[in-house]
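What follows draws every value from the coordinates through simple rules; no lab data is involved. What you see is a predicted model, and the numbers here were worked out from it, not measured in a lab. FYI the Cβ positions are ideal-geometry reconstructions off the backbone, even for glycines, and counts take in every protein chain you see.
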């Protein structure tokens with residue numbers, strides 16, 4: 001079950017949002033009294049409530065906004081109990097002093113905004129001993145394994161337990177809580193108005209992650225990156241899974257580079273079925289792969305992992321997707337041939353895993369590739385491995401090329417006013433390919449179209465590489481139009497042509 005937290009300054013707004021949520025199928029709401037400005041009218045909020053509520057009044061030290069005395073706060077909580085609130089949230093240091101009364105159930109909670117406590121079992125035992133109907137632990141995640149420890153605590157508990165790791169690293173606990181036995185998880189009413197670090201909007205929880213459909217049999221997929229909050233891979237893959245009726249969920253895993261090895265070593269404890277891999281892990285994951293194909297070995301980077309009893313299999317769908325995107329864009333172009341792209345020379349901007357894959361894919365198609373990056377040594381390294389040229393970043397615009405490929409994050413949201421290639425050097429005969437997909441119409445793409453260039457957007461490549469991943473993981477044909485439309489909606493570009 002999804003419990004939606006409402007934090008508004010006025011009673012009428014809180015009541016209106018409560019009613020709206022129930023009309024949309026939400027069955028449990030948390031009323032955050034610490035957000036109300038002025039005198040809190042508990043009876044008004046509870047009278048004629050359309051669904052069960054949790055009454056919470058959080059101190060600043062626990063992540064709330066309560067600015068008055070502790071005595072007044074506890075009086076509000078006691079009043080909520082007397083008025084028959086369905087649940088009341090009591091922090092561990094006051095729970096013993098607030099007796100049980102009537103039918104109100106007690107949530108005994110602890111919040112730690114610095115870390116996930118080392119001994120969660122002992123902590124849980126202490127909280128459960130305080131006459132708890134529900135135990136709640138919300139703690140900051142500093143390591144991906146904090147998620148596993150929290151979820152395992154939930155699974156092992158005999159008292160109904162909500163265990164949440166806060167922050168970007170802790171997002172998986174919000175999505176998978178029910179799978180491990182939590183009675184509910186918390187979501188926010190508005191995506192832009194979170195009440196705790198890492199909180200997810202209720203529509204996203206219900207419609208994209210399909211929280212209420214996740215069971216112990218649901219397969220777990222995701223994207224591993226750092227940072228990962230900007231990734232739209234969950235949008236695309238979850239839309240495809242829903243359309244096909246596949247019992248699986250795809251979520252973001254933020255994993256810092258120094259924690260990648262431990263994260264992958266613990267893959268069976270989730271258990272993970274497959275991962276998309278992006279910055280900065282595309283090369284580092286290879287040492288964990290038991291199986292790689294010739295393409296991955298040649299490129300030296302992977303963007304797709306599949307987990308099985310005989311080990312991890314690594315694949316790279318970027319190179320294939322990049323070439324397919326260019327082939328589609330050049331259909332009907334007089335330069336294109338039956339066995340090649342028709343591009344003689346192409347400049348690849350960037351020196352990461354995507355740049356390496358694109359450079360390799362183009363090279364295999366007979367294109368003369370030149371790589372450039374602000375980090376000259378990385379560009380030289382890729383050039384040596386791919387068997388192509390490299391130039392200094394400052395010299396990238398001195399020579400004319402048939403094709404320009406941006407494989408850097410330059411131009412990505414929110415830095416939408418940046419371009420890695422000056423418009424003065426764009427020519428009508430060029431094909432300009434930007435792998436950035438958010439926004440779809442980057443400044444580079446806009447300026448290339450104005451110059452009369454043929455363009456390929458990151459949406460095309462992104463959907464194609466995701467579709468190939470879908471085939472690898474699920475052994476079935478993907479719904480590319482569903483994936484494309486989901487991505488376009490998410491990037492607010494649904495009306496823009498590909």
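Of note:
- Computed over segment 339-456, the convex hull of the alpha-carbon atoms projects to a mean area of 6.6 nm².
- Sorted peptide list for 250-263, 474-487, 452-465, criterion being average Cβ within 10 angstrom, highest first: 452-465, 250-263, 474-487
- Computed [θ] at 222 nm, deg cm²/dmol, the chain (DSSP H ≥ 4; -39,500 (n - 2.57); rounded to nearest 500): -9000 deg cm²/dmol
- Relative to the longest principal axis of the Cα atoms of the chain, the long axis of helix 458-474 lies at roughly 70 degrees.
- Residue 399-residue 279 FRET efficiency (beta carbon distance; Förster radius 22 Å; 0.05 resolution): 0.20
- Taking every Cα-Cα distance in segment 2-216 and sorting them into 10 Å bins from zero, the calculated P(r) comes out as 9, 36, 39, 15, 1 percent.
- At R0 = 22 Å, FRET efficiency that the Cβ-Cβ distance of residue 118 and residue 158 yields, to 0.05: 0.55
- Its convex hull of Cα atoms gives segment 107-208 a direction-averaged projected area, equal to a quarter of the hull surface, of 6.0 nm².
- Alpha-carbon centroid distance for the pair segment 30-93 / segment 240-272, whole angstrom: 37
- The listed peptides 131-143, 224-236, ordered by packing as a protection proxy, come out as 131-143, 224-236 (highest mean of other Cβ atoms within 10 Å first).
- Relative contact order of the chain, taken over Cα pairs closer than 8 Å and 6 or more residues apart, is 8 percent.
- For segment 253-386, fraction of C-alpha pairs farther apart than 22 Å, in %: 43
- Note on segment 21-79: semi-axes of the ellipsoid equivalent to its C-alpha gyration tensor, largest first and rounded to whole Å, are 23, 13, 9.
- The label point for residue 131 and the one for residue 168, both projected 7 Å from the Cα toward the Cβ, are 4.3 nm apart.
- With Cα atoms, 0 to 90° folded angle of helix 144-156 axis to the chain main axis: 40
- Efficiency of FRET between residue 489 and residue 265 - r from beta-carbon atoms, R0 35 angstrom, step 0.05: 0.45
- Seen against the Cα atoms of the chain and their longest principal axis, helix 353-364 is set at about 30 degrees.
- Taking the three principal axes of the alpha carbon atoms in the chain, the coordinate ranges are 80, 48, 40 Å, sorted in descending order.
- Span from the segment 351-403 Cα centroid across to the segment 184-213 one, whole angstrom: 42
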